[in-house]
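Undergrad: This is the structure I have questions about; it appears just below.
Values in this text are rule-based calculations from the coordinates and carry no lab data. On a predicted model such as this, the values are computed, not experimentally measured, just so you know. Please note: Cβ atoms are built from the backbone with ideal geometry, for glycine as well, and neighbour counts cover all protein chains shown.
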């Protein structure tokens, strides 16, 4: 009997960094129940998925299929422990750059992934695809802030929001993905807002799907909030820099220094946790 497979393919800016950080940190504690693969464990596969999102052509899909096969050839199907993949790039490239809106390649990527797993393992495992979602306004603001940091985004938040609004309802994106997937796939979703206040935050739904026992969960450290939003004045300064005539390398250095100062200031305002407060 094949092991169960749980795939967490995003979405971007919905707590996925916190999930992957926690899975890496507690990998050994979880090892008796599941095998964990996050972005850093499958960089070539995630890059191939992003590339297909940027250029959805047959050659790019072939490369993605090849990387899926390479990964699952290293995973023993005779091992009964659940296999968990977590990487937002498995839904394609992040919306908001190069004219991208929504996740039009998410369904073909998932279909190809599971078809390839079935070829490698000889059959399709029992699979659950879990999507993290987020309220539209919070999601577009978080994506915009990320683009300000990582690209030469010149649109202000209002223009960016107006542009992305038709595709900003991530629950609707999930519904569209479900409609395009084969009917035998189980797809679930959890809003990031529903995880607030929970000890394990956005990781909690995955722990539920993996049926991790309470005693083990109590040994895991709480999941911290990651990727905290930059202050509005810092985002405004990033926008000004992106709109400037600075050369690319100079722009990169100025932005990196600005973000580093802001994050250091934010970190200095976070209360330190005493050792006895963690498990």
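Undergrad: So how do 178, 212 line up by other beta-carbon neighbours within 10 Å, fewest first?
TA: Ascending Cβ contact count within 10 Å gives the list 178, 212.
Undergrad: Using DSSP, restrict attention to beta bridges with both residues in the chain and report what percent are antiparallel, rounded to the nearest 5.
TA: Approximately 0 percent, going by the DSSP bridge assignments.
Undergrad: When a/c reaches 1.5 or more, the comparison of a/b and b/c decides; with that in mind, is the range 230-270 rounded, prolate or oblate per its Cα gyration tensor?
TA: Oblate, since a/c reaches 1.5 and b/c is not below a/b.
Undergrad: Under 1.5 on a/c is rounded, so check that first for the range 132-279, then, if it is not, pick prolate when a/b is larger than b/c and oblate when it is not; a ≥ b ≥ c are the square roots of the alpha carbon gyration tensor eigenvalues.
TA: Since a/c reaches 1.5 but b/c is at least a/b, the shape of the range 132-279 is classed as oblate.
Undergrad: Rounding to the nearest 10 and keeping the result within 0 to 90°, find how far the Cα-based axis of helix 58-72 lies from the longest principal axis of the chain.
TA: 60
Undergrad: Taking other Cβ within 10 Å of each residue's Cβ, how do 171, 86, 268 sort, fewest first?
TA: Ascending number of Cβ neighbours within 10 Å: 268, 171, 86.
Undergrad: Using the Kirkwood radius over C-alpha pairs as Rh, can you work out the diffusion coefficient of the range 1-76 via Stokes-Einstein at 20 °C, viscosity 1.002 mPa s, in µm² per second?
TA: Taking Rh from Cα pairs, D becomes 154 µm²/s.
Undergrad: May I pose another question? Would you please classify the overall shape of the range 145-200 from the alpha carbon gyration tensor, given that a ≥ b ≥ c denote the square roots of the eigenvalues, rounded means a/c under 1.5, and beyond that prolate means a/b larger than b/c while oblate covers the rest?
TA: Cα axes put the range 145-200 in the oblate bin.
Undergrad: Here's something else I'd like to know. Where does each of 190, 74 land when they are ranked from fewest to most other beta-carbon atoms within 10 angstrom?
TA: 74, 190
Undergrad: Would you compute, from DSSP H runs of 4+ residues alone, the mean residue ellipticity of the chain at 222 nm, taking -39500 (n - 2.57) per run and dividing by the full residue count, rounded to the nearest 500?
TA: -15000 deg cm²/dmol
Undergrad: Over the chain, what is the relative contact order in whole percent, taking alpha-carbon pairs under 8 Å and six or more residues apart?
TA: Relative contact order of the chain: 24 percent.
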